[in-house]
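Structure first, then comments.
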Amino acid sequence: MEFADEVLKEADQYNGFNLVLTSKKRTMEFADEVLKEADQYNGFNLVLTATFLANPVFQSQRLGQNVKELMDKHSKDEIPVKLITEELMTDTTKADKNRLPGSRSFEWEYKASSIFIDQFDTSMTDNANFDYKRLIFCVRLRPEGVHLSGFRASFVLLLDKATEQQNETKILKTTRTKKLKSEFPIILRRSPRTHGVVEVEPEPEPEPSSQEVTEDESIESETSPRKLGPLTMEEAYNGDSSDRPFINTIMSMSNAASSSCSEKRELVGNVESFDPKSMVLKPENIGRVMPDKISNFKFFPCPDRTIVASGNSAGEIAFWDVDCEDEDCDGIYLYQPHESSISGISIQPFSLSKVFSSCYGGLIRVMDVGRESFDLVYSTDISIFCLSQQPNDSNTLYFGQGSGLLSVFDARVGKSSDSRRLHELRINTLDFNPENINLVATSSTDGTACIWDVRYINSQKPKYLKMVEHTKSVHSAYFSPSGKFLATTSIDDKIGILGGVDFMDTSTIYHLNRNAAGVSYFRAIWGWDDSYLFIGNLNGGVDVISTVDQSMVTLESSHISAAPLRFAAHPYKIGTLAAGTSCRKIYVWT
């Protein structure tokens, strides 16, 4: 970094330069200094190699393509360093609009989307909220046939050994091997009823620093060439014990659901007499289910069993059978069907043997337990940020990708309809109305949440039925169980509630909707009727907000020492609520 400081002082003497930042501690601070004086330079390349930077975006893919073409062109020749610089680092090609991440304005992202940036307008940067991970170009490359694991080693070494032949540059080609076991120890959930012990929660991990990327905007820094095509459940399984009990349980549940599909399932318990203050967290209902941060989870929609499906930032999906009392099985089954952060999980009550999942890497897979496989349903080069299905349709998938795009995929014909741009920036959540299944709610980083009619969403200019505006990014919008209300959660520290005829009645509730570091966001969900919303707080509690009088009570437990960020309510069991924290744990209140 001291050398980089000296380079920066003299940078105005050069007609373009490459700045490589490898210090995790000072990278962001130094980048700020560069940007403040960037208008002095006639173009520059800024490479951020901190481990938390983004996954493949246009710049990384473009650079990877250029590397491959250069290697193919000079496969048996020496490659002069000057030629590498000219052909790789001076590329001013900019991305198409649908390839931009959608986390800032189109003009900003378009001008910053090339490998080489000529006269970057620093007035467009907001240093207080600067999205560094999208800046200039990414260090992780994933083109076909070439994979650079990071410029910290690979690209610098390429420059140093440019005279070597292609067969001596194997450092460019790396692959991620399948993990046979988890890289981190998993605390196995053991029921005190069968073992006579209570699990002691370890100290929580510290919150991410303010310089790290936000959980919802991040795309994995650990990447590899995508595995397209089907995976067997055995290939994807990362657990230590056999997953046969899980497979048998799901098939049994699925067969029972199929035989009673014509029957309307009722809630277990009396929702009218339900008091949220009666909910408790038992030690046996705490499980550290996976080795990486939980990004998405939900309950299996089955009235007779409590099973939680959760996804993490490494592309793993864990299934936790909370009701499991088998002494030879802890009830946790870990698979890795994806290579990047899980962005959505969808399970239909009449098709329990099929679990759809999406990831930021642009893949949608279905876990078909009957076939014991993870089949590839859809793939794209554009990040997928959310996934949903209509309540009565197990074959049609709706997902948000790229900069505010909504896409529809029909699994029966294996075809996707044209994407429609519903928002200026990325869509964070999709949620269908449980009563009027043609209505879908979207939340977006552009600061709005909208209600749409999917029957008319394919028009050239989709028109929303209702829009609610926040002053900052909206990270969730969920319909109530009756479908009569919509709750939105924004990082402007407000929860919006829409109701009445055509959702014209609006009200807001103040709530701190981000953690202390400002990099993780809470999302309010509905319970089992329209009376309560559940959302986490900074003290590790669960705030229960009454939608009738906006009063609030807090569920607290000495077993939780980190803020619960994500929630899921069991669709049938009243009072069964799951909460997930950044400590990779799931807590089930009953």
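Does at least one position in the range 332-350 carry a residue that is out of contact with any Gly (no Cβ under 8 Å at 6 or more places or on another chain), modelled with pLDDT of 95 or more, among the aliphatic types (A, V, I, L, M) and in a strand (DSSP E or B)? Taking every residue of the range 332-350 in turn, at least one turns out to be out of contact with any Gly (no Cβ under 8 Å at 6 or more places or on another chain), modelled with pLDDT of 95 or more, among the aliphatic types (A, V, I, L, M) and in a strand (DSSP E or B).
Scanning the range 357-406 for residues that are of a type outside the set (A, V, I, L, M) and either within 19 Å of residue 341 (Cα to Cα) or within 16 Å of the chain's Cα centre (by Cα) (or both) yields a count of 24. Does the range 278-285 include one or more residues that are open to solvent by less than 30 Å² (accessible area, probe 1.4 Å), under 30 Å from residue 552 (Cα atoms) and in contact with a Gly (Cβ under 6 Å, 6 or more places away or on another chain)? Scanning the range 278-285 turns up at least one residue that is open to solvent by less than 30 Å² (accessible area, probe 1.4 Å), under 30 Å from residue 552 (Cα atoms) and in contact with a Gly (Cβ under 6 Å, 6 or more places away or on another chain). Within the range 253-269, the set of residues being modelled with pLDDT under 85 and closer than 16 Å to residue 570 by Cα comprises 265, 266, 268, 269. So if I check each of 478, 464, which one is open to solvent by 10 Å² or more (accessible area, probe 1.4 Å), part of a strand (DSSP E or B) and in contact (Cβ under 8 Å) with a residue 24 or more places away in the chain? Answer to the check: 478. One residue stands out in the range 235-247 among those that are at pLDDT below 95 and of a type outside the set (D, E, K, R): the one that is most open to solvent (accessible area, probe 1.4 Å), namely 242. Going by the structure shown, is residue 295 touching a strand residue (DSSP E or B) at 6+ places or on another chain (Cβ under 9 Å), more than 17 Å from residue 359 (Cβ to Cβ) and in contact (Cβ under 8 Å) with a residue 24 or more places away in the chain? It is false that residue 295 is touching a strand residue (DSSP E or B) at 6+ places or on another chain (Cβ under 9 Å), more than 17 Å from residue 359 (Cβ to Cβ) and in contact (Cβ under 8 Å) with a residue 24 or more places away in the chain.
In the range 421-431, of all residues being over 18 Å from residue 355 (Cα atoms) and of a type in the set (A, V, I, L, M, F, W, C), the one that is surrounded by the most Cβ atoms within 10 Å (Cβ to Cβ) corresponds to 427. Given the criteria surrounded by fewer than 20 Cβ atoms within 10 Å (Cβ to Cβ), in the same structural domain as residue 426 (by the TED database) and of a type in the set (S, T, N, Q), does residue 513 qualify? So residue 513 does not fit the description; no. Scanning the range 540-556 for residues that are of a type in the set (Val, Ile, Thr), within 13 Å of residue 589 (Cβ to Cβ) and open to solvent by less than 40 Å² (accessible area, probe 1.4 Å) returns 542, 544. Residues in the range 451-506 that are of a type in the set (D, E, K, R) and more than 19 Å from residue 424 (Cβ to Cβ): 453, 455, 484, 493, 494, 502, 505.
Considering only the range 505-533, state which residues are at pLDDT below 95 and touching a Lys or Arg at 6+ places or on another chain (Cβ under 8 Å). Matches in the range 505-533: 513, 520, 521, 522. If you go through the range 438-452 and keep only what is out of contact with any Gly (no Cβ under 9 Å at 6 or more places or on another chain) and open to solvent by 20 Å² or more (accessible area, probe 1.4 Å), you end up with just 438. Residues that are assigned to a strand (DSSP E or B) and either outside the structural domain of residue 436 (by the TED database) or open to solvent by 20 Å² or more (accessible area, probe 1.4 Å) (or both) within the range 491-506 comprise 494, 505, 506, listed in sequence order. In the condition set (1) farther than 18 Å from residue 392 by Cα; (2) open to solvent by less than 30 Å² (accessible area, probe 1.4 Å); (3) under 18 Å from the mean Cα position of the chain (by Cα), residue 296 is compliant with all but (2).
For first residues located in the range 365-383 and over 23 Å from residue 417 (Cβ atoms), partners that are open to solvent by 50 Å² or more (accessible area, probe 1.4 Å) and in a strand (DSSP E or B) and lie 6+ apart or on another chain with Cβ distances below 6 Å form the pairs 368/354; 373/232.
Answer yes if at least one residue in the range 561-570 is touching a Leu at 6+ places or on another chain (Cβ under 6 Å) and crowded, with 21+ Cβ neighbours inside 10 Å, and no otherwise. Scanning the range 561-570, I find at least one residue that is touching a Leu at 6+ places or on another chain (Cβ under 6 Å) and crowded, with 21+ Cβ neighbours inside 10 Å, so the answer is yes. Scanning the range 397-420 for residues that are surrounded by fewer than 16 Cβ atoms within 10 Å (Cβ to Cβ) and of a type outside the set (Gly, Ala, Ser) yields 410, 412, 413, 415, 418. At negative phi, in contact with a His (Cβ under 7 Å, 6 or more places away or on another chain) and crowded, with 17+ Cβ neighbours inside 10 Å: is that true of residue 525 in this structure? Taking the combined requirement at face value, the residue does not satisfy it.
The values are calculated or read from the model by the stated rules, or taken from the named source; none is laboratory data. Given the structure is predicted, the values throughout are model-derived calculations rather than measurements. Here the Cβ is made from the backbone with ideal geometry for all residues, glycine too, and neighbour counts use every protein chain on show. With ligands, DNA and RNA removed, areas are computed over all heavy atoms of the protein, side chains included. Shrake-Rupley method; radii C 1.70, N 1.55, O 1.52, S 1.80 Å.
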